[in-house]
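One structure is given below, encoded as structure tokens.
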Amino acid sequence: MPELPEVEIQTRQLARRLRGAKILALELPDAKLRLPLSIVGRTIQLVWRRGKFIIFDLDDGRHLLAHLRMTGWFEFDRPQHYRAAILTDKVAVYFEDSRRFGILTAVSARKLMAVLKPLGPEPLPDGDLDGLSKTTRAVKVALLDQRLVAGIGNIYASESLWRAGIHPRRQANRLDAAEQRRLRRGIVTALRKGITYGPRIFELQRFAVYDRAGDPCRRCGTRIRRIVQAQRSTFFCPVCQH
């Protein structure tokens, strides 16, 4: 599932190509997606990210709101299958999404505000984690709550906790000041590293613990363990993380 680094990479790609572009036509081969034809003729003024959402600002005050969910991705070369295409005077953009869980819709400024308002602070640039001190949940589970921290998902929660040396079952509000600082650094480092891979992130990325159960820890050599928290897989080193 795309998380903050992948969504940030997509946002940068889209912003470079679509800022100032005029929408000339829409293609909607998937009836599950409904975009109003009235956005044809509108100009995309800005493309930006909030949490895992991608927002396209239109010149009439409306917005296109996208969420990649499990398998969504914007392509610039026409794929064999796609759910929507936005054709502009600069480039064509195709929304590919094999599992069809992604969101692409047009919303008013008021609706956009309602969608984004519940999101917690952005973890970049400085890893704002103030909300964690208010919950008794396990820190790994708390990091997945978009109301506490926006953009982190299952992958980067595990990676960040490994970098910080914190056990995923630790109670979030019992982290001391030094542990909170380590977790901030771990989150920022893990997210920034992901972003640096660029558009080939899925090909190039090499994880420290995620999806490596049974493999040696890259720091101490102990076998990585997998547990289930809140119905999600968590990966960690039982020696490095305590």
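Taken over region 215-242, the criterion of being under 25 Å from the mean Cα position of the chain (by Cα) and either part of a strand (DSSP E or B) or at positive phi (or both) is satisfied by 225, 226, 227, 228, 229, 230, 231, 232, 233, 234, 235, 236. Residues in region 40-59 that are in contact with a strand residue (DSSP E or B) (Cβ under 9 Å, 6 or more places away or on another chain) and open to solvent by 20 Å² or more (accessible area, probe 1.4 Å): 40, 41, 42, 43, 45, 46, 48, 49, 52, 53, 57, 59. Answer yes or no as to whether residue 22 is over 23 Å from the mean Cα position of the chain (by Cα), of a type outside the set (Gly, Ala, Ser), in a strand (DSSP E or B) and over 26 Å from residue 151 (Cβ atoms). When the stated conditions are applied, residue 22 passes them.
Scanning region 124-144 for residues that are open to solvent by less than 20 Å² (accessible area, probe 1.4 Å) and under 20 Å from the mean Cα position of the chain (by Cα) yields 127, 129, 131, 132, 139, 140, 142, 143.
The residue that is surrounded by the fewest Cβ atoms within 10 Å (Cβ to Cβ), among those in region 98-112 that are free of Cβ contacts under 8 Å to residues at least 60 places away in the same chain and within 19 Å of residue 68 (Cα to Cα), is 99. From the list 228, 188, the lone residue that is of a type outside the set (S, T, N, Q) and loosely packed, with under 15 Cβ neighbours inside 10 Å is 228. Within the option set 22, 32, being at pLDDT 95 or above and either on the phi > 0 side of the Ramachandran plot or open to solvent by 50 Å² or more (accessible area, probe 1.4 Å) (or both) holds for one residue only, 22.
The values are calculated or read from the model by the stated rules, or taken from the named source; none is laboratory data. Model, not experiment: these values are computed from the prediction. Cβ atoms come from the backbone with ideal geometry, glycine included; neighbour counts cover every protein chain shown. Only protein heavy atoms, including side chains, enter the accessible area calculation; ligands, DNA and RNA are left aside. Shrake-Rupley method; radii C 1.70, N 1.55, O 1.52, S 1.80 Å.
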